[in-house]
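All remarks here apply to the structure that follows.
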Amino acid sequence: MLEVSNLSAGYGQIEVLHGLSFEVRKGQVVTLIGSNGAGKTTTMRALSGMIRPRAGSIRLNGREVGGLDSHDVARSGLAHSPEGRRVFATLSVEDNLTLGAFPRLTGSRPKGDVAADRDRAFELFPRLKERREQLAGTLSGGEQQMLAMGRALMLRPEILLLDEPSMGLAPKLVEEVFRIIRRLKDEQVTMLLVEQFAMAALGVADHAYVLENGHIRFQGPAAQLRNDPAVRAAYLGGS
Ligand code: ATP
């Protein structure tokens with residue numbers, strides 16, 4: 001599904017990712033863990049075309065998407081729910097969701113019924129349904145996070161990138177976000193997940209990669225990493 005090899009990327013003079021290789025297979029949930037500044041968000045940005053890779057290849061279903069701009073990457077079926085709730089503040093909840101489907105409608109992927117997909121997003125996130133006419137900028141932080149996820153799902157993605165979906169949420173909402181991730185997994189949605197709650201991420205993931213200073217240090221089945229004393233001590237802290 002997603003095959004990344006020797007990916008390097010950074011900002012200005014600074015290289016942050018130094019030749020990462022990893023893969024996500026169809027129907028799998030894969031998590032990237034690592035300490036602050038390891039390069040997790042940068043990896044997500046490079047995959048989705050928000051920043052341009054400097055070297056390496058990113059293949060989605062065998063097709064090279066590295067170097068495409070973010071709209072074209074989305075058209076190929078990669079949806080990114082970025083860190084920090086990037087929603088269109090001056091548009092309604094409903095219009096934000098509709099825009100999420102746009103790259104799919106202009107690409108060669110199945111068009112499908114946008115209204116039905118919106119209803120499905122409202123079913124997953126009932127809070128959004130109650131607020132469908134509300135301007136996204138006036139939603140609470142947690143609601144904006146849900147909208148960012150809902151909008152990414154509107155793409156009917158081949159793979160969904162979730163960057164810190166629980167960031168800044170109250171504990172009850174964190175549970176809700178993980179419940180939704182589990183449900184999407186049951187529905188065979190392929191996902192790449194970055195989470196501050198590394199133990200919870202390893203609990204839902206099939207496979208995990210540990211990033212350190214822009215390199216992959218370990219990888220393995222998530223359950224194995226979850227129980228590895230060295231990994232726990234170094235990366236999982238008390239989470
Ligand atoms: P965290 O868990 O703290 O979010 P992370 O693993 O997601 O960390 P990144 O956000 O990818 O880490 O950051 C990796 C490095 O890149 C850091 O040293 C950071 O300061 C730097 N960096 C991130 N964004 C930018 C930017 N827009 N411009 C310059 N440097 C950046």
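The values are calculated or read from the model by the stated rules, or taken from the named source; none is laboratory data. On a predicted model such as this, the values are computed, not experimentally measured, just so you know. All Cβ positions, even for glycine, are placed from backbone atoms using ideal geometry, and neighbour counts span all protein chains on display. We work out accessible area using only protein heavy atoms, side chains counted, and drop any ligands, DNA or RNA first. Shrake-Rupley method; radii C 1.70, N 1.55, O 1.52, S 1.80 Å.
For region 190-218, give me the residue count where each residue is over 18 Å from ASP163 (Cβ atoms) and of a type in the set (Phe, Trp, Tyr).
Number satisfying all stated conditions: 1.
What do you reckon, is GLY37 in a strand (DSSP E or B) and at positive phi?
no
Quick test of your reading of the structure: GLY150 fulfils all but one of (1) touching a residue at least 40 places away in the same chain (Cβ under 8 Å); (2) more than 20 Å from MET50 (Cα to Cα); (3) small (Gly, Ala, Ser). Name the failing condition by number.
Of (1) touching a residue at least 40 places away in the same chain (Cβ under 8 Å); (2) more than 20 Å from MET50 (Cα to Cα); (3) small (Gly, Ala, Ser), only one is false for GLY150: (2).
Conditions: (1) at pLDDT 90 or above; (2) within 15 Å of the ligand (Cβ to nearest atom); (3) within 24 Å of VAL204 (Cα to Cα). GLU83 meets all but one. Number of the miss?
(1)
Output the number of residues of region 11-22 satisfying the condition of being part of a strand (DSSP E or B) and either out of contact with any Lys or Arg (no Cβ under 9 Å at 6 or more places or on another chain) or on the phi > 0 side of the Ramachandran plot (or both).
Result for region 11-22: 8.
Please determine whether any residue of region 154-177 is open to solvent by 10 Å² or more (accessible area, probe 1.4 Å), touching a residue at least 60 places away in the same chain (Cβ under 8 Å) and within 17 Å of GLU23 (Cβ to Cβ).
yes
Is it the case that GLY77 is touching a residue at least 12 places away in the same chain (Cβ under 8 Å), touching a helix residue (DSSP H, G or I) at 6+ places or on another chain (Cβ under 7 Å) and either buried (at least 17 other Cβ atoms within 10 Å of the Cβ) or on the phi > 0 side of the Ramachandran plot (or both)?
no
Could you check how many residues of region 1-40 are modelled with pLDDT under 95, under 18 Å from the mean Cα position of the chain (by Cα) and either near the ligand (Cβ under 8 Å from one of its atoms) or of a type in the set (S, T, N, Q) (or both)?
Selection size over region 1-40: 5.
Out of GLU158, GLU164, report the one residue that is among the charged types (D, E, K, R) and under 19 Å from GLU83 (Cβ atoms).
GLU164
Within region 47-67, does at least one residue satisfy the condition of being within 16 Å of the ligand (Cβ to nearest atom), open to solvent by 70 Å² or more (accessible area, probe 1.4 Å) and outside any loop (DSSP other than H, G, I, E, B)?
no
Kindly list the number of the only condition in (1) free of Cβ contacts under 8 Å to residues at least 40 places away in the same chain; (2) surrounded by 18 or more Cβ atoms within 10 Å (Cβ to Cβ) that fails for MET191.
Every listed condition holds for MET191 apart from (1).
Just to be sure I understand, how many residues within region 84-105 are of a type in the set (A, V, I, L, M, F, W, C), farther than 14 Å from GLN134 by Cα and surrounded by fewer than 18 Cβ atoms within 10 Å (Cβ to Cβ)?
3
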